[in-house]
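Since the structure comes first, as structure tokens, the remarks are kept for the end.
The values are calculated or read from the model by the stated rules, or taken from the named source; none is laboratory data. Quick caveat, the model's predicted, so the values are computed rather than measured. Ideal geometry is used to build each Cβ from the backbone, glycine not excepted, and the neighbour counts take in all protein chains shown.
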């Protein structure tokens, strides 16, 4: 996930035109927004690699994936061509359907969730939710 966001962040900063083209019209200052989103992607990628920052990075990258969804929808519905290339529904359909997977992946990579087996809260407040039928956690038993 860190590599994915590092590449995407770099692309946002080096070749912003395509990202500006799919930015919804209601978004003010699209070029500045693309620069900031590129920086956020790079920061998130780096933070995923730092244990102390991983949880926060996972949460922020998940929120980021939700926030950029309108651009992906605009790209699909308005058939915005980037670099002269118009992508069809063979690209946009899976791309839009996989956005929730990116949200899950960010949360998983950040250690925010460990779904489907357990769930975690903020550091120091972990709780486990065993899957039905799974063996109980023997570490929580008191010695007899």
*What about residue 45, is it in a helix (DSSP H, G or I), within 15 Å of residue 1 (Cα to Cα) and in contact (Cβ under 8 Å) with a residue 12 or more places away in the chain?*
yes
*Would you mention how many residues in segment 19-33 are surrounded by 16 or more Cβ atoms within 10 Å (Cβ to Cβ) and touching a helix residue (DSSP H, G or I) at 6+ places or on another chain (Cβ under 7 Å)?*
5
*Scan of segment 15-39 for residues that are under 24 Å from residue 105 (Cβ atoms) and part of a helix (DSSP H, G or I), ordered by number*: 18, 19, 22, 33, 34, 36, 37, 38, 39
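Would you say residue 4 is loosely packed, with under 12 Cβ neighbours inside 10 Å, on the phi < 0 side of the Ramachandran plot and within 18 Å of the chain's Cα centre (by Cα)?
no
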*If we keep just the residues of segment 69-84 that are surrounded by fewer than 18 Cβ atoms within 10 Å (Cβ to Cβ) and closer than 18 Å to residue 10 by Cβ, which is modelled with the highest pLDDT?*
82
*Which one of the conditions (1) touching a strand residue (DSSP E or B) at 6+ places or on another chain (Cβ under 7 Å); (2) free of Cβ contacts under 8 Å to residues at least 12 places away in the same chain does residue 18 fail to meet, given that it meets all the rest?*
(2)
*Tell me which residues, restricted to segment 34-50, are surrounded by fewer than 19 Cβ atoms within 10 Å (Cβ to Cβ) and either within 25 Å of residue 77 (Cα to Cα) or at pLDDT below 95 (or both).*
35, 36
_Looking at the structure I just gave you, is residue 66 outside any helix (DSSP H, G or I) and either in contact with a helix residue (DSSP H, G or I) (Cβ under 6 Å, 6 or more places away or on another chain) or surrounded by fewer than 16 Cβ atoms within 10 Å (Cβ to Cβ) (or both)?_
no
